[in-house]
Each structure stands twice: as structure tokens, then as C-alpha cells.
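Input: a single structure, listed below in C-alpha cells.
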């Protein structure tokens, strides 16, 4: 029933490799003599399977992170029929594994990368291919080790404790798992300890809380592999926290009146900084280091001057120390100027003083001056003369006086007051003094009538009714000058108004000016009215000689012969002689002669002529010439 069970001669043999089983072999015997005389019989043969033995194995330790072959060829110590089994003889299968990461790969036991550390078993079975039920199992013991985890110490950057901040970014940066940089996703990171509660872990960073005191601190952290929670290591991060910069800046106080005292500087912290921003009084301890005068002290954060402190320049040194870091300190100097009480000499404007009379321009220059803000007393100061722009303006006690005869003008007198208690505490002021010129009045004059032909003095001494400072002016006090005249023949001679001979008749004005010699611009003008009269002109009647009317001829030669101008015989050059009328047309004027035309009837006739002064054309007179014409 199996080809492996055969007859060999008279033997029933089982061929090697025959599967186990119960087989029958039927054989026949036939008589050689009678070949058909035969009979059959059955030989029952039992073929057993060879012994199959799968022996347990102990694999090598495998790094679970890497994985790998824990045991090579589990068949190496297994036997079939007492001899090492060949893979071709058996079917190898996994029965079980205490970790899914421990598996069979062919005849090898392999550990999958990422398998947790531990001692695992894999049970496998080998079954003879020839006899599939001829099987055995064995156990492979596998040790999976955790990968090396190394947390390395770190040194953080220096952190300003006031600001806080990250002292170290990612403590894992130099830590390793299985020899390569660890990933945050591979480990659990925890704080083990910190030497200051302000130094903590935030994620993978080491951070310093704002307001942490300066110092050198350590934080210990632990990393544990997530895959192998007991696979841990610790490291220490060293963190240096420094104090913020504290700066006390020098201050210059305001000037304080030493008599009153007061605050020289309010809040010395106003320009001081902590960590680069204005410091708060609550952040520091403020103390006095020194003062160059016991009257200059600290009061809270203010620098104050005690009343009665001498004038001078003083310094106060103070120190600020951070409360959080008591050795974090700085000093600064406050410069304080203590002044003497203010002494103020105020300028004054005096009343106008008549320079001719003189007098007091200002009474008591101290009246508006102050010492320490209140009116000064003469007993508190020395009042002295400094300068004057005119020697006639002087200081008399505390009064400003003007000497009589001082020229008009705007003058200044400078005086000084010095505190008797502090002789160098002085001030000057200027008193403005206006000295006026005395009133100068030139009054108009009316001159006497002057015969223009003769000329003469129309007005003697125009100053006679003029005044200076209200009294008659003296010629020695003024300069008298000619300003204008409506006729060049009317002039000023000294203080007299004169008319030149030959001046035409008329009403004329002469303007003169008087200016004070002491005050040359103190002037006034007046007008002198002058009347110039024409000289008397007289044309006297004439009686001509008898003229033959037939012949005609000169009846009168030169009608001017008996005429006068200004009382003396007139010259033909001084007058214009003109014909006025004639009682007969044959009786006419020829030049200054009266002539009778030939053929004039006999009779007694009259001719009227006129003479007018050439200088004064309206100064005229007429006369009549009587002419007798005889018949031939």
C-alpha cells in the first residue's frame, strides 16, 4: 500500500524516507513446477516516524531601539532522527511570542526595532514534512535591552533676573537616546529639583521667572524613554542670574534761598534707573552717604535745605540699593546751590525836572527795592552812587537830584544797594531822569512904518518881549537868527529889524528864531510885521509961455522941473510921466515937454499929466499945465 514497502528477495523492506504508517504488502508464491499454482499472503508493515526534537534556544541580547536577529537558525540544535534537522525536512512555524515584536523570520528569531526592553519567549514548532504530524516545539528566550539614554549637563546663558527669560533652549539638544540626539517625542522630561523656585522647566526650556534674585542656580531634570519608562537619566543645567543694572544719575538741584530753606530737588530717583527703566521707590533702599553741609539733607527722596543755611554750593551723595539684590547699588551726587536772599534794586523813572531850576528828580530810590521779596529798609543796605550820564544828576542820600543849570536831556543814574549782612549780595538799578529845557517864548512884534526910500530900523531889539523860563530873556542866553523874510530888503541886524533904502512900499514879515545856548534845540520863532511906506510924490502945476497958434511950439519945457519925490526934485529916471488929458487936442505932451501943434486956435488951454514912482507904480500924483495960444 506504499511504494516504499517492497520485497527484496524474500524480505519485506522499507525504503528510507517512507512516511510513517501501517502498510500492507501482498505477495504471491507460485510453484515453479506449476506456475499457476499460486497463493497470496499479506505482510503488515508498520513504519514509524523518526524522532524529531526541537531544542530550546537562548538568543543574544538585542537593543530594542535598533531591533535585530536575536537568534540565528533555531534549527541549529534541533534533530530529526537523531541527526541535525535540515530546513528542507521540516515546516517551521511560530506557536506564540510573549511580544509581538519578537518574531520568526525564516529560521531566525528577530526583534522588531522599537521593541520595549524585556525578557521575551518565542515558541516555535517543527513538523516533519514527510510526516506532518511528527512535530516538536521549542522555546527561544530573547532578551531585549533598552537603548542607552544619556542626559548631558548644560550651561545656560546669563539671564537678567529682573526681566527673566529663557536661560537654556531645549535641554534635550545635547542628550542622546541610543547614541543619537533624542527627540522630545521619545522621552518624558521632568524636573527633579531646582535650587531656586524661579528657575523652572517650560517644555524643554529652562526659564527664569522675572524678579528672580541674582545668583548661580542649578536645575536637575530627568528624561525617561517613553518606550521604556524606567530607562532614565538626569542632567544638571547651571543657570546664572545677574542683577539688573542700577544707575543713580547725578542731579542739579534748584537754587534755594538760604534764609527760607526749602526743597532743592524733588525725588532724586526721578532720573535713576533699574534695569533701564525709571526706578520705583518700592524697589530700592535710599540712604545718605555724605553731605558737604549739615543743612543739606535727604527727606524721603527729596533733598532739602534747612532754613538759615549759609549761601554756597554744596553736594549730597546718596546711594540706592536694590531690595531684591541688596548688594546691587549705585551712588549719585546732588549739587545744591544755596543763595543769599534775593536783593532787587528796581529801576526808577524820575519826574521831569526843569534844568534851569534843578531839583529832586526822584525821592528815595529804595521805595521799590526788595530784600528777600519784601521792601528793603535803608538800615539793611548800603546805597552808593555808581555812575551818571551827566554830572549834574547826582545821588543825595537816597534821593536823585538835578543841579540848577543842567542841560535838558534824558539822563541815567546807576546806584547800587548791598546787603549789610552779606556785603557781596548786591544789585544795581538805573534811575531815568528827564531834565527839561525851560520854556522859551519868542513873541511876535509889530515894527514902525519905514519910508522905503530912506530905509531904517523898523523894530529895535526883537528880544524885548521874549522870555526864557518865564522871565525876559537876555541876549547872552540865546542865539538869535534870521529865519525868513517876505522881502529881501527887510533883514535882521543883531536883534534889530532893519529896512534897506530903496525897499518897495508894502507890508512885510520877518521870522526870527531864538535858541537857548544851554539847550541849542530849545528854540522858538516869532514874526515881526514891518510896514514900508512909499515916499511922498508931488506933481506941481505949471504955467507955460504963450505960443503962436499958427506956428505951434513948446509951451513948457520939462514939467518935472518943479515936481518932487521924497521931498527932493524928482528925476525923470525915477518916474513914469504920462498924459492924462488936454482941453485941446493940439496941446499935447512930448516926453516931459508940453507942445502946441501948428494951426492950433488961439485960446487958453490946460493939459493934465501924471507922474508915478517906478519903484512904487501906484505912488502917483497929477498936475495941470496952463497953456496960452495966441492968434498969428
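Scan the stretch 61-92 residue by residue and report those that are within 30 Å of residue 149 (Cβ to Cβ) and out of contact with any strand residue (DSSP E or B) (no Cβ under 6 Å at 6 or more places or on another chain).
65, 66
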Do we have any residue at all in the stretch 441-461 that's touching a helix residue (DSSP H, G or I) at 6+ places or on another chain (Cβ under 9 Å) and without any contact (Cβ under 8 Å) to a residue 12 or more places away in the chain? no
For the stretch 546-566, name all the residues that are without any contact (Cβ under 8 Å) to a residue 60 or more places away in the chain and more than 13 Å from residue 587 (Cβ to Cβ). 557, 558, 560, 561, 562, 564
Considering the stretch 373-417, residues that are in contact (Cβ under 8 Å) with a residue 40 or more places away in the chain and under 16 Å from residue 346 (Cβ atoms), and then whichever is surrounded by the fewest Cβ atoms within 10 Å (Cβ to Cβ), we arrive at 386
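Kindly indicate which of 553, 603, 544 is modelled with pLDDT under 95, out of contact with any helix residue (DSSP H, G or I) (no Cβ under 9 Å at 6 or more places or on another chain) and more than 30 Å from residue 500 (Cβ to Cβ).
Details: 553 fails: modelled with pLDDT under 95; 603 fails: modelled with pLDDT under 95.
Exactly one of 553, 603, 544 is modelled with pLDDT under 95, out of contact with any helix residue (DSSP H, G or I) (no Cβ under 9 Å at 6 or more places or on another chain) and more than 30 Å from residue 500 (Cβ to Cβ), namely 544.
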In the stretch 41-66, residue farthest from the chain's Cα centre (by Cα) [restricted to those that are closer than 24 Å to residue 18 by Cα and surrounded by 14 or more Cβ atoms within 10 Å (Cβ to Cβ)]: 45
Taking the criterion of being exposed (fewer than 15 other Cβ atoms within 10 Å of the Cβ), outside any loop (DSSP other than H, G, I, E, B), at pLDDT 95 or above and touching a helix residue (DSSP H, G or I) at 6+ places or on another chain (Cβ under 7 Å), would at least one residue in the stretch 565-576 satisfy it? yes
For the stretch 13-41, give me the residue count where each residue is over 21 Å from residue 130 (Cα atoms) and either modelled with pLDDT under 90 or touching a strand residue (DSSP E or B) at 6+ places or on another chain (Cβ under 9 Å) (or both). 12
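Could you say which residue among 18, 100, 69, 93 is loosely packed, with under 14 Cβ neighbours inside 10 Å and farther than 17 Å from residue 126 by Cα?
Details: 18 fails: loosely packed, with under 14 Cβ neighbours inside 10 Å; 69 fails: loosely packed, with under 14 Cβ neighbours inside 10 Å; 93 fails: farther than 17 Å from residue 126 by Cα.
Within the list 18, 100, 69, 93, the selection yields 100.
Can you confirm whether residue 192 is surrounded by 14 or more Cβ atoms within 10 Å (Cβ to Cβ), in a strand (DSSP E or B) and not assigned by TED's automatic domain parsing to the domain that holds residue 330? Even if it seems obvious, please write down each step before you answer.
Values: surrounded by 14 or more Cβ atoms within 10 Å (Cβ to Cβ): no; in a strand (DSSP E or B): yes; not assigned by TED's automatic domain parsing to the domain that holds residue 330: yes.
Criteria not met by residue 192.
In the list 457, 430, which residue meets the criterion of being in a strand (DSSP E or B), assigned by TED's automatic domain parsing to the domain that holds residue 369 and either at pLDDT 95 or above or surrounded by 16 or more Cβ atoms within 10 Å (Cβ to Cβ) (or both)?
Working: 457 fails: assigned by TED's automatic domain parsing to the domain that holds residue 369.
Sole residue among the options that is in a strand (DSSP E or B), assigned by TED's automatic domain parsing to the domain that holds residue 369 and either at pLDDT 95 or above or surrounded by 16 or more Cβ atoms within 10 Å (Cβ to Cβ) (or both): 430.
To keep it simple, each residue is scored yes or no on (1) over 60 Å from the mean Cα position of the chain (by Cα); (2) closer than 30 Å to residue 230 by Cα; (3) assigned to a helix (DSSP H, G or I).
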position	(1), (2), (3)
113	yes, yes, no
119	yes, yes, no
131	yes, no, no
142	yes, yes, no
147	yes, yes, no
163	no, no, no
172	no, yes, yes
196	no, yes, no
Is it the case that the stretch 159-170 has a residue that's in contact with a helix residue (DSSP H, G or I) (Cβ under 7 Å, 6 or more places away or on another chain) and touching a residue at least 24 places away in the same chain (Cβ under 8 Å)? no
So which residues in the stretch 296-320 are at pLDDT 95 or above and crowded, with 19+ Cβ neighbours inside 10 Å, if there are any at all? 296, 303, 304, 305, 314, 316, 318, 320
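Let's see how each residue does on (1) in contact with a strand residue (DSSP E or B) (Cβ under 8 Å, 6 or more places away or on another chain); (2) within 30 Å of residue 235 (Cα to Cα):
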{"position": "94", "(1), (2)": "yes, no"}
{"position": "111", "(1), (2)": "yes, no"}
{"position": "116", "(1), (2)": "yes, yes"}
{"position": "121", "(1), (2)": "yes, no"}
{"position": "135", "(1), (2)": "yes, no"}
{"position": "138", "(1), (2)": "yes, no"}
{"position": "146", "(1), (2)": "yes, yes"}
{"position": "157", "(1), (2)": "yes, yes"}
{"position": "163", "(1), (2)": "no, yes"}
Please find, within the stretch 340-349, the residue that is nearest to residue 436 (Cα to Cα) out of those that are buried (at least 16 other Cβ atoms within 10 Å of the Cβ) and at pLDDT below 95. 341
Hey, can you tell me all the residues within the stretch 433-454 that are more than 60 Å from the chain's Cα centre (by Cα) and either farther than 22 Å from residue 515 by Cα or assigned to a loop (DSSP other than H, G, I, E, B) (or both)? 442, 443, 444, 447, 448, 449, 450, 451, 452, 453, 454
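The values are calculated or read from the model by the stated rules, or taken from the named source; none is laboratory data. Fair warning: this is a prediction, and the values are worked out from it, not measured in the lab. When we count neighbours, we look across all protein chains shown, and the Cβ atoms used for this are built from the backbone with ideal geometry, even at glycine.
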